[in-house]
Each structure stands twice: as C-alpha cells, then as structure tokens.
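All remarks here apply to the structure that follows.
The values are calculated or read from the model by the stated rules, or taken from the named source; none is laboratory data. Note that the coordinates shown come from a computational prediction; the quantities given were computed from them, not determined experimentally. Using ideal geometry, Cβ is built from the backbone for each residue, glycine included, and neighbour counts are taken over all protein chains shown.
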Amino acid sequence: MALPLAPDARRNLRRRITPGAICAAGLRPGLPDGKDATMSSTPAMGHGVNQRAQIKMSDDEVAEFLAERRAMTMCTLNHDGTIHAVAMWYGFLEGSIAIETKAKSQKAQNLRRDPNMTVLMEAGDTYETLRGVELVGTAEIVEDPERLLALGVSVFERYYGGYSEEMESFVQAMLNKRIVVKLHVNRTVSWDHRKLGSPASG
C-alpha cells in the first residue's frame, strides 16, 4: 500500500506537475485513461508554417480587389497619438485611392498636422475566405475644384451608379465645403486565404 505523502511533498509535487510541464513532455492534460495522450503533430491553424508568400495577392489581384465596390477603414493619428479610424467610401483620383470629407472633419485636421495615413479594405466571413489589402502612405490634401469633381464623379459612379452631365449639380452639392484626400502609397500588404486551399468551415 502506498504511503501518504507529507504536506510539503504534496506541495512540491504540485509545483512540478504543471500544464507547461505536461505540454513540454508531449502530453495533453485531461484525457481519460487508455486514450492516446501524445500531442498531435499537425500544427495549429496559422502556426508552424510561413504562409505569407502563399496568400499574398499579385499586383493585378490587388487592383481588382480595390476596384470592387466596398467600404474601407481609414486611419489617421489624433493629436494625442491615438488612432482615429472611420469607415469610408472611396474612389480613385489619378489612379490613386482618394476620399472626400468635410474640410473641418477630424480626419482632415489630423492629416493637416500629420499626413501619415493607413487604409484597410477587407472581405470574407470565415478564415478560409478572408481577403484584404492594407495601404500605408501619406495623404495629399486636394482643394482644386476640377480634381475635387473628378473624385466626386468616381465615388458617385462606384456607389450610386452611372454618371451623366445631368448629375454634376448633385455631385457639386455633395462636394460643398469638402476637400479630397489622395493617398500616396508607400507600402502594400495583402492576403487571400482562399489560396491556402483550406476546407470550408462548418
């Protein structure tokens, strides 16, 4: 018959048998007797394999993704260093991502003080369908009426439908007391989890 352990011995044993020690030994705690307690050799989702190159979009794929009708998250820096993030419709000005906003908006004030800007477009509802593009760069404040109108038309066509000259007064009204922010991209990050070929989530 086994002898009972003294209190000090029991405390020392509990210190040694910890979840970390069990995992380090290649065992999983809590499995019933008679079951295989060895750790699975399959890495957890997103771990053990560098998949960055595999899920990266090509330049054409990035362009196609950005051209789709969607909203983006636009991030600027507040005066205290915190991040101001807001959902925005966007268009294209001279081939670059651009938005229109009130001249006195928080994002406009932030960018006049610090032009650093990051935007994010994303899609997908499950891990294996996640797609996204992050653009990091600096903002150009645009106040020229012709360039404002060009961006206004781009936004109108993307989110409202076809544009004609009869629509110009509507677009001009939309741009009243507003500026355009054009993003000059310094870095692009993209991902498309569909390239992993993972089975669909249940």
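Annotations
- Residue match in segment 150-165 (condition: surrounded by 15 or more Cβ atoms within 10 Å (Cβ to Cβ), touching a residue at least 12 places away in the same chain (Cβ under 8 Å) and more than 19 Å from residue 69 (Cα to Cα)): no
- Scope segment 55-84; condition touching a strand residue (DSSP E or B) at 6+ places or on another chain (Cβ under 7 Å) and within 28 Å of residue 149 (Cβ to Cβ); matching residues: 62, 65, 66, 70, 71, 72, 73, 74, 75, 76, 84
- The set of residues in segment 97-148 that are more than 22 Å from residue 84 (Cβ to Cβ) and among the hydroxyl-bearing types (Ser, Thr, Tyr) comprises 126, 127, 129.
- Residue pairs whose Cβ atoms lie under 6 Å apart, separated by 6 or more positions or on different chains, with the first residue in segment 45-62 and closer than 16 Å to residue 127 by Cα and surrounded by 15 or more Cβ atoms within 10 Å (Cβ to Cβ) and the second basic (Lys, Arg) and modelled with pLDDT under 95, are 55/195.
- Selection of segment 106-157 for residues being under 14 Å from the mean Cα position of the chain (by Cα) and either small (Gly, Ala, Ser) or within 14 Å of residue 94 (Cβ to Cβ) (or both) yields 123, 124, 132.
- Set 138, 118: member being surrounded by fewer than 16 Cβ atoms within 10 Å (Cβ to Cβ) and out of contact with any Gly (no Cβ under 6 Å at 6 or more places or on another chain): 138
- Qualifying residue in segment 184-194 (condition: more than 30 Å from residue 116 (Cβ to Cβ) and not small (Gly, Ala, Ser)): yes
- Counting only residues that are of a type in the set (Lys, Arg), farther than 20 Å from residue 55 by Cα and part of a strand (DSSP E or B), segment 160-202 holds 2 of them.
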